[in-house]
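What follows is a single structure, written as structure tokens, with notes after it.
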Amino acid sequence: MLTGNNNEERIWNHLIGWIQNSYGAAALMGHLFAESGLNPKNLQNSFEKKLGLTDEAYTAAVDSGSYGNFVRDSAGYGLVQWTYWSRKENLLAFARAAGKSIGDLEMQLDFLCKELSTGYKSVLAALKTATSVRAASDVVLLKYECPTNQSEAVKEKRAGYGQAYYEKYAASEPGKGGKTMTEAEVRQKALSFMQRWVGLKRSDRSHAPIIDTYNGRKPLPRGYKVTYSDAYCATTVSAAAIKAGLTDIMPVECSCYYLIEQAKKMGIWQENDAYVPKPADEILYDWDDGANYATTDNKGNPEHVGMVENVAGNTITVIEGNMNGGVVGRRTLKVNGRYIRGFITPNYASKASSTAPAPAKKPTAPASSGGALNRTVKWNGRTTTALKVRKWAGTENPVCSFSPLKSGEVVGVCDEVNAADGSKWYYIRNKNGKYGFSSAKYIKPTN
């Protein structure tokens, strides 16, 4: 399950949760931006004209089977711009096995992980151990993407994209300086590890990274080393705290009882069963809670724990280690529901270095919805000069096949995004139904 408000955030959360190295995740993300603008449905620009298909039309045709040359057409496609026939064949088979569109973001990220884990192990190792964005970026360029142009200028440009993502996401982590984090982003930092572990099992020991993370913290709480056969619900939430670097505000224990004892000492134990939690709060359970649970405070011995993922209305979604069958999974329950023992409420606000931004003023053109760009024309505009149309917002990106537009040409404005330098760009559709990005400075309303 991907998390984030747009494709950029979803991709970052996925990569950092998997690679667990900020330099490596940022470097890889920089290459994905250079290749596709982080658009999983991106069709290589030159092939849009050659095939007479837009990104959306090509994706739909491959999904439906009406276009049968996906594997052999040599067209770059998707986040990575997969081009070579065997890699596209593997991507297509992976998508069909998952029952997903060839342009599905989560499917492509999962395939990227599989590809790096099996066919590019040295690249993955470099990403996981990198000590700089540039070092990781060069490995991706030379050993994974392998573009025709591998010059120093290209290396610098690609690493520059990665560095921008590092500054935006990794350098904003508590204790690292750089940009700021809101309380919600700090909570998500802890929660992202729980989300990445969903599906891990004790039966096949895929849960081993959780146990190893806990046991790697020295000294071990009460001196106990968790075994791979132990119940591991408390170990899981504790491992997430360790991974997120938040052990100064989150208790670490392999026992539910001692989790509560630590939380009490830290002043973050919430006894009221009717408390409405927030994401990344921890919820403790007692399976012996009585039938009158809604009107009494359960004070029994805790037997299980999970981390709150979401609260929607009266429904709480929780991620837990060691659920039935020894798996990491999700549970839903009602606020003040049966079996709630209480909550651990870490002071995430103390780790935030900024407040949530104020709501933006209503734009004169439709604001971007993030990764899901609007493709319906909202208003018509006219170019005030001959104007280039690019693959993504920003002058550093390549032009589209139908660029440039003529001065005075009418286009449909569908959406609005900001380039890396903060300038406003419109996502436009030309008279032939092709899409691209142009600077908003040179497009004015027709009326």
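The values are calculated or read from the model by the stated rules, or taken from the named source; none is laboratory data. Bear in mind the structure is a predicted one, so any value in this text is a computation, not a measurement. Backbone-built Cβ (ideal geometry, glycine too); neighbour counts: all protein chains shown.
Annotation note: of GLN44, GLN108, the sole residue that is at pLDDT 95 or above, under 20 Å from LEU141 (Cβ atoms) and outside the structural domain of ASN430 (by TED's automatic domain parsing) is GLN108. Considering (1) closer than 15 Å to VAL305 by Cβ; (2) part of a helix (DSSP H, G or I); (3) among the aliphatic types (A, V, I, L, M), the lone condition that ALA231 does not fulfil carries the number (2).
Taken as a whole, the structure places ALA190 among residues that are among the hydrophobic types (A, V, I, L, M, F, W, C), farther than 14 Å from LEU15 by Cα and either assigned to a helix (DSSP H, G or I) or modelled with pLDDT under 90 (or both).
Condition check ((1) in a helix (DSSP H, G or I); (2) farther than 24 Å from ASN432 by Cα; (3) polar (S, T, N, Q)) across all residues:
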{"residue": "ALA34", "(1), (2), (3)": "yes, yes, no"}
{"residue": "LYS41", "(1), (2), (3)": "no, no, no"}
{"residue": "SER46", "(1), (2), (3)": "yes, no, yes"}
{"residue": "ALA57", "(1), (2), (3)": "yes, no, no"}
{"residue": "PHE70", "(1), (2), (3)": "no, no, no"}
{"residue": "ALA97", "(1), (2), (3)": "yes, yes, no"}
{"residue": "LYS100", "(1), (2), (3)": "no, yes, no"}
{"residue": "ASP110", "(1), (2), (3)": "yes, yes, no"}
{"residue": "CYS113", "(1), (2), (3)": "yes, yes, no"}
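Of all the numbered requirements in (1) part of a loop (DSSP other than H, G, I, E, B); (2) in contact with a Lys or Arg (Cβ under 8 Å, 6 or more places away or on another chain), ASN336 misses one, and that requirement is (2). Whether any residue in segment 295-305 is crowded, with 16+ Cβ neighbours inside 10 Å, in contact with a strand residue (DSSP E or B) (Cβ under 8 Å, 6 or more places away or on another chain) and either among the aliphatic types (A, V, I, L, M) or not in a loop (DSSP other than H, G, I, E, B) (or both) is what I want to check. Checked segment 295-305: at least one residue is crowded, with 16+ Cβ neighbours inside 10 Å, in contact with a strand residue (DSSP E or B) (Cβ under 8 Å, 6 or more places away or on another chain) and either among the aliphatic types (A, V, I, L, M) or not in a loop (DSSP other than H, G, I, E, B) (or both). Looking only at segment 339-380, filter to residues that are modelled with pLDDT of 85 or more, polar (S, T, N, Q) and in a loop (DSSP other than H, G, I, E, B); which one of those is surrounded by the fewest Cβ atoms within 10 Å (Cβ to Cβ)? Top of the filtered list is ASN347. If the requirement is being surrounded by fewer than 21 Cβ atoms within 10 Å (Cβ to Cβ), modelled with pLDDT of 90 or more and over 33 Å from the mean Cα position of the chain (by Cα), which of these qualifies: TRP269, TRP287? Result: TRP287 is the single residue among TRP269, TRP287 that is surrounded by fewer than 21 Cβ atoms within 10 Å (Cβ to Cβ), modelled with pLDDT of 90 or more and over 33 Å from the mean Cα position of the chain (by Cα).
Let's see how each residue does on (1) more than 16 Å from ASN347 (Cβ to Cβ); (2) aliphatic (A, V, I, L, M); (3) touching a Ser or Thr at 6+ places or on another chain (Cβ under 6 Å); (4) part of a helix (DSSP H, G or I):
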site: GLU156; (1), (2), (3), (4): yes, no, no, yes
site: GLU185; (1), (2), (3), (4): no, no, no, yes
site: ASP204; (1), (2), (3), (4): yes, no, no, no
site: SER238; (1), (2), (3), (4): yes, no, no, yes
site: THR247; (1), (2), (3), (4): no, no, no, no
site: TYR258; (1), (2), (3), (4): yes, no, no, yes
site: ALA263; (1), (2), (3), (4): no, yes, no, yes
site: ASN272; (1), (2), (3), (4): yes, no, no, no
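Out of everything in segment 115-154 that is in a loop (DSSP other than H, G, I, E, B) and free of Cβ contacts under 8 Å to residues at least 40 places away in the same chain, what residue ends up being surrounded by the most Cβ atoms within 10 Å (Cβ to Cβ)? Looking at the filtered set, the residue picked out is TYR120.
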